[in-house]
Amino acid sequence: MLRQMSHMPVGTIGFEATGKVDDDDFEDVVAPVLRREVARGATLRLLYLFGPGLRDYEGDELKEEIAFAVRHPTAYGRVAVVSDEDWLRPALRLLSLLVPGHLRGFPVAELEAAKRWVAADMPENPVVEDAADPRLLPG
């Protein structure tokens, strides 16, 4: 399941994946929050945590996130993906091509650094940034 994280920096939104994540999780948990932020004109600064509690992740959830990003390309600012999972690397590559704004991967041990990065001032020209952990590098 996906749940919204507490203890995020002001102006940022975090979601943690635990247990089994399926395609309904995005529509039920993530999309309402993102729609609210887009409607108020906010730049999305998102953090997704795929930590050790994640047991199963359905690919349809990723498709839903990408579809949302395609419909709202100017809304994205920064997206941090925090995980030690090797399977996530191909997904990060795809996201780096399809999600506007900055995308950066972080290992779980650097969760606090990921939160600070998501909250940092935005540069004028969004680009995909390299991950701190080479296993999570897009491309």
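Can you tell me how many residues in region 10-33 are over 16 Å from ALA67 (Cα atoms) and over 15 Å from the mean Cα position of the chain (by Cα)?
Of the residues in that region, 3 qualify.
For region 1-26, filtering for residues that are out of contact with any Lys or Arg (no Cβ under 8 Å at 6 or more places or on another chain), open to solvent by 80 Å² or more (accessible area, probe 1.4 Å) and outside any loop (DSSP other than H, G, I, E, B) leaves 3. Of the set (1) of a type in the set (A, V, I, L, M); (2) at pLDDT below 85; (3) touching a helix residue (DSSP H, G or I) at 6+ places or on another chain (Cβ under 6 Å), all apply to VAL70 but (3). Among the residues of region 70-93, write down those that are closer than 15 Å to LEU47 by Cβ and assigned to a helix (DSSP H, G or I). LEU88, LEU92 - these are the residues of region 70-93 that are closer than 15 Å to LEU47 by Cβ and assigned to a helix (DSSP H, G or I). The residues of region 34-53 that are assigned to a loop (DSSP other than H, G, I, E, B) and more than 15 Å from the chain's Cα centre (by Cα), listed by number, are ARG40, GLY41, ALA42. Listed conditions (1) under 18 Å from GLU27 (Cα atoms); (2) at pLDDT 75 or above are all met by GLY41, apart from (1).
Scanning region 89-115 for residues that are farther than 16 Å from ALA69 by Cβ, surrounded by 13 or more Cβ atoms within 10 Å (Cβ to Cβ) and at pLDDT 75 or above yields GLY105, PHE106, PRO107, VAL108, GLU110, LEU111, ALA113, ALA114, LYS115.
The values are calculated or read from the model by the stated rules, or taken from the named source; none is laboratory data. Just so we're clear, the structure is a prediction, and the values are computed from it rather than from any experiment. Cβ: placed from backbone, ideal geometry, glycine included. Neighbour counts: every protein chain shown. In case anyone asks, the SASA skips ligands and DNA or RNA and just uses the protein heavy atoms, side chains included. Shrake-Rupley method; radii C 1.70, N 1.55, O 1.52, S 1.80 Å.
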